[in-house]
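Contents: one structure, followed by commentary.
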Amino acid sequence: MELALENATNTISSIEKMLSSKEFDPFAMNCLRDCLELYADAITLLVDAFVAFLAEHFDIATVLMRTVMDATSTCDEEFTEKKGELTLLAKENYNLFQLSDISSCIIKQVSSVPSQLTNVSS
């Protein structure tokens, strides 16, 4: 989850640089603005997922990670609405999707193991 958070934060910086360069057509600029908002929301979701995970609210953490995955897909879809448009953030979206999926798998594995806190007092 920490890697996913770092990835999303770096992607926001990349999007902001692309937006300030103004070297893209209006359609791509709108897509980038939409993706910037999606990534900002993803950061909040990742922090919330991390807090839920630490509190052993594994179901909530999993749902939040899946929502981050949906955000990456939505960002990709923004660009494909216009035929022939390149998805400028394909690599970033793929990476965050994969990191979120790995996090979800780890959450699932951890949630199936009895809590260490209850074992310590035994």
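What net charge is computed for the residues neighbouring Glu16, neighbours being all others with C-beta under 15 Å from the C-beta of Glu16, Lys and Arg scored +1, Asp and Glu -1?
-1
Around Asn95, under 13 Å between beta carbons, what's the net of Lys plus Arg minus Asp minus Glu among the other residues?
Details: positive: Lys91; negative: Glu6, Asp76, Glu92, Asp101.
Residues near Asn95 contribute -3 overall.
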(request) Restrict the search to the range 12-44; then list the chymotrypsin sites (Phe, Trp or Tyr not before Pro) that DSSP places in a loop and that have at most 14 other Cβ atoms within 10 Å of their Cβ. (result) none
(request) State the percentage of accessible surface on the chain attributable to carbon and sulfur atoms; use a 1.4 Å probe and exclude ligands, DNA and RNA. (result) 58 percent
(request) Quote the FRET efficiency, to the nearest 0.05, computed for Lys91 versus Asp34 with a Förster distance R0 of 25 Å and r equal to the Cβ-Cβ distance. (result) 0.90
(request) Apply the membrane-span-like helix rule to the chain: whole DSSP H runs, Cα extent along the own long axis of at least 20 Å, mean Kyte-Doolittle hydropathy at least 1.0. List the helices found. (result) 26-54
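Given only helices, namely DSSP H runs of n ≥ 4 each adding -39500 (n - 2.57), what is the per-residue ellipticity at 222 nm of the chain, to the nearest 500 deg cm²/dmol?
Numbers: 5 runs with 99 residues, N = 122.
After summing the helix terms and dividing by the residues of the chain, the value is -28000 deg cm²/dmol.
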(request) State to the nearest 20 debye the size of the charge dipole of the range 30-87 about its Cα centre, where the only charges are +1 on K and R beta carbons and -1 on D and E beta carbons. (result) 120 debye
(message) At a threshold of 8 angstrom on Cα-Cα distance, excluding pairs fewer than six apart, so keeping six or more, what relative contact order does the chain reach in percent?
(response) 28 percent
(request) Between Val113 and Thr44, take the C-beta separation as r, use R0 = 35 Å, and let me know the FRET efficiency to the nearest 0.05. (result) 0.80
(request) Enumerate the amide H contacts of Thr87 below 5 Å, restricted to partners 5 or more residues apart or on another chain; note that Pro and chain-start residues carry no placed amide H. (result) none
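The values are calculated or read from the model by the stated rules, or taken from the named source; none is laboratory data. Note that the coordinates shown come from a computational prediction; the quantities given were computed from them, not determined experimentally. Note: ideal-geometry Cβ built from the backbone for every residue, glycine included; neighbour counts use all protein chains shown. Protein only, heavy atoms only, side chains kept; ligands, DNA and RNA dropped before computing areas. Shrake-Rupley method; radii C 1.70, N 1.55, O 1.52, S 1.80 Å.
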